[in-house]
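Novice: So that we are looking at the same thing, I have put the structure below in structure tokens.
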Protein chains: 2
Amino acid sequence: MNKEQYIYYLTGFMDGESCFCVALKNQRSAKVRWVLDPVFHVTQHAVNKEILYDIQRLFNCGIVIKKYGQPDTMQFVVQSRKELVEKVIPFFKKYELITKKKDFGIFAEVVEDLNQHKHKDKKEFIKLLKKVFQMNGGGKQRRYKLKDVLESLGSSETIRQTS
Amino acid sequence: MNKEQYIYYLTGFMDGESCFCVALKNQRSAKVRWVLDPVFHVTQHAVNKEILYDIQRLFNCGIVIKKYGQPDTMQFVVQSRKELVEKVIPFFKKYELITKKKDFGIFAEVVEDLNQHKHKDKKEFIKLLKKVFQMNGGGKQRRYKLKDVLESLGSSETIRQTS
């Protein structure tokens, strides 16, 4: 496999094994209650960790770690906003995904909006929330329901987001 | 993406999303009790079914079906021994897998041996069994334990395999 072929191979591999996630964190006691936290990760059994290091070299960023609580599972993780904006998102704009096309599209929009601090405006934050709940199967796996988060925002004084 | 790039993309995708499985079936009442049944499949949520049809076109064989009992999950399946030997195995000898390299290697050996009817010899069948139990994480997911199957073979008159 030459270098270009390997890039397409890894792109297809990531289309299956990666996740574009935007975690919604509830900081109950903090001034800013709801925080959106985007992360890109690729998960593998530890026996396949070499491919995670190959992916790390491909992006020239991110870390390879053991998954918390699952020592046999490893992840390539990019959580830095700067690295997502400068490396991960441009890569997948060039090498397009197929099955994760929609999730990536939303992820890219959300990361860009967070990067422009749009989340500090309540209306914009609600737009972002709605987008995020359209990802990865419509938020079925999420701890919090969109309805409940929106309700809590209605009565909240501070609807900002850490940048 | 041109055609060659797409082949590498699909190869990487299948490295993540496929399974080279050799089911071990217990035909309690039949003359031949234990049957090894190789199958290659790629599994996706139904919303991604188009890529399964692309894979079907790539191999020019196999079927795309709903997974039994899971209507939201679809599979591209190749179970025909002839198609495995003539289409699937040569493909992955040309376009090599990375994380499933070992499982594919065992799968290819087992399918070839079954194709040559080696399983009709008891010693050869035991060799095949041992190989099969080295696949996909060492048989931890299997219904039957290797030890129990080998024990049952010790007292069995007929250790053949359907061809």
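Novice: I need the full set of residues from the stretch B:74-116 which are polar (S, T, N, Q) and surrounded by 18 or more Cβ atoms within 10 Å (Cβ to Cβ), in order please. Step through it out loud before you land on a result.
Specialist: Restricting attention to the stretch B:74-116, the residues satisfying the condition of being polar (S, T, N, Q) are B:75, B:79-80, B:99, B:115-116.
Within the stretch B:74-116, B:GLN75, B:THR99 qualify.
Novice: I would also like to ask the following. How many of the residues in the stretch B:3-20 are among the basic types (Lys, Arg) and closer than 13 Å to A:MET14 by Cα?
Specialist: Looking only at the stretch B:3-20, we keep the residues that are among the basic types (Lys, Arg), and these are B:3.
Restricting the remaining residues to those that are closer than 13 Å to A:MET14 by Cα gives none.
Residues flagged as among the basic types (Lys, Arg) and closer than 13 Å to A:MET14 by Cα within the stretch B:3-20 amount to 0.
Novice: Looking only at the stretch B:104-115, decide whether some residue is in contact with a Gly (Cβ under 9 Å, 6 or more places away or on another chain), aromatic (Phe, Trp, Tyr), within 14 Å of chain A (Cβ to nearest Cβ) and in a helix (DSSP H, G or I). Walk me through how you get there before you give the answer.
Specialist: Initial filter on the stretch B:104-115 (in contact with a Gly (Cβ under 9 Å, 6 or more places away or on another chain)): none.
No, the stretch B:104-115 contains no residue that is in contact with a Gly (Cβ under 9 Å, 6 or more places away or on another chain), aromatic (Phe, Trp, Tyr), within 14 Å of chain A (Cβ to nearest Cβ) and in a helix (DSSP H, G or I).
Novice: Out of curiosity, is B:GLY62 in contact with a helix residue (DSSP H, G or I) (Cβ under 6 Å, 6 or more places away or on another chain) and closer than 22 Å to A:ILE7 by Cα?
Specialist: Numbers: in contact with a helix residue (DSSP H, G or I) (Cβ under 6 Å, 6 or more places away or on another chain): yes; closer than 22 Å to A:ILE7 by Cα: no.
Taking the combined requirement at face value, the residue does not satisfy it.
Novice: Specify the residue that is farthest from the other protein chains (Cβ to nearest Cβ); the eligible residues are those in the stretch A:1-51 that are farther than 23 Å from A:ASN115 by Cα and of a type in the set (D, E, K, R). Before you say what the answer is, go through the steps one by one.
Specialist: Step one: of the stretch A:1-51, the residues farther than 23 Å from A:ASN115 by Cα are A:1-17, A:28-29, A:43-51.
Add one more test, that the residue is of a type in the set (D, E, K, R), and what stays is A:3-4, A:15, A:17, A:28, A:49-50.
On the way: A:LYS3: 11, A:GLU4: 7, A:ASP15: 5, A:GLU17: 4, A:ARG28: 34, A:LYS49: 10, A:GLU50: 8 Å.
Once the filter is applied, the top-ranked residue is A:ARG28.
Novice: Might you let me know whether the stretch B:57-67 holds any residue that is among the hydrophobic types (A, V, I, L, M, F, W, C), surrounded by 22 or more Cβ atoms within 10 Å (Cβ to Cβ) and touching a Phe, Trp or Tyr at 6+ places or on another chain (Cβ under 7 Å)? Can you show your working first?
Specialist: Within the stretch B:57-67, the subset among the hydrophobic types (A, V, I, L, M, F, W, C) is B:58-59, B:61, B:63-65.
With surrounded by 22 or more Cβ atoms within 10 Å (Cβ to Cβ) added as a condition, the list becomes none.
No, because not a single residue in the stretch B:57-67 is among the hydrophobic types (A, V, I, L, M, F, W, C), surrounded by 22 or more Cβ atoms within 10 Å (Cβ to Cβ) and touching a Phe, Trp or Tyr at 6+ places or on another chain (Cβ under 7 Å).
Novice: Still on this structure: Search the stretch B:19-70 for residues being among the basic types (Lys, Arg) and not in a helix (DSSP H, G or I), and hand back the single one that is nearest to the chain's Cα centre (by Cα).
Specialist: Step one: filter the stretch B:19-70 for residues among the basic types (Lys, Arg), giving B:25, B:28, B:31, B:33, B:49, B:57, B:66-67.
Subset that is not in a helix (DSSP H, G or I): B:25, B:28, B:31, B:33, B:66-67.
Values: B:LYS25: 13, B:ARG28: 22, B:LYS31: 24, B:ARG33: 19, B:LYS66: 18, B:LYS67: 16 Å.
Selected residue: B:LYS25.
Novice: Residue check: is B:GLU96 modelled with pLDDT under 90 and in a loop (DSSP other than H, G, I, E, B)? Can you show your working first?
Specialist: Numbers: modelled with pLDDT under 90: no; in a loop (DSSP other than H, G, I, E, B): yes.
No; evaluated as a whole, the condition is false for this residue.
Novice: Checking B:LYS140 against (1) under 17 Å from the mean Cα position of the chain (by Cα); (2) assigned to a helix (DSSP H, G or I); (3) of a type in the set (Lys, Arg), which test does it fail?
Specialist: All conditions pass for B:LYS140, except number (2).
Novice: What number of residues within the stretch B:71-87 satisfy the criterion of being under 24 Å from A:TYR9 (Cβ atoms), more than 10 Å from the chain's Cα centre (by Cα) and in a helix (DSSP H, G or I)?
Specialist: Taking the stretch B:71-87 as the starting set, the residues that turn out to be under 24 Å from A:TYR9 (Cβ atoms) are B:74-78, B:83-84, B:86-87.
Within this subset, residues satisfying the condition of being more than 10 Å from the chain's Cα centre (by Cα) are B:74-76, B:83, B:86-87.
After this cut, where a residue has to be in a helix (DSSP H, G or I) as well, the list is B:83, B:86-87.
Within the stretch B:71-87, residues that are under 24 Å from A:TYR9 (Cβ atoms), more than 10 Å from the chain's Cα centre (by Cα) and in a helix (DSSP H, G or I) number 3.
Novice: Somewhere in the stretch A:14-30, is a residue under 30 Å from A:PHE125 (Cα atoms), of a type in the set (Gly, Ala, Ser) and crowded, with 17+ Cβ neighbours inside 10 Å? Steps first, answer last, please.
Specialist: The initial filter retains those residues of the stretch A:14-30 that are under 30 Å from A:PHE125 (Cα atoms), namely A:14-30.
From the residues that got through so far, the ones that are of a type in the set (Gly, Ala, Ser) too are A:16, A:18, A:23, A:29-30.
Then keep just the ones that are crowded, with 17+ Cβ neighbours inside 10 Å; that gives A:16, A:18.
Yes.
The values are calculated or read from the model by the stated rules, or taken from the named source; none is laboratory data. Since this is a predicted model, take the numbers as computed values, not measurements. Note that each Cβ is placed from the backbone with ideal geometry, even for glycine, and that neighbours are counted across all protein chains shown.
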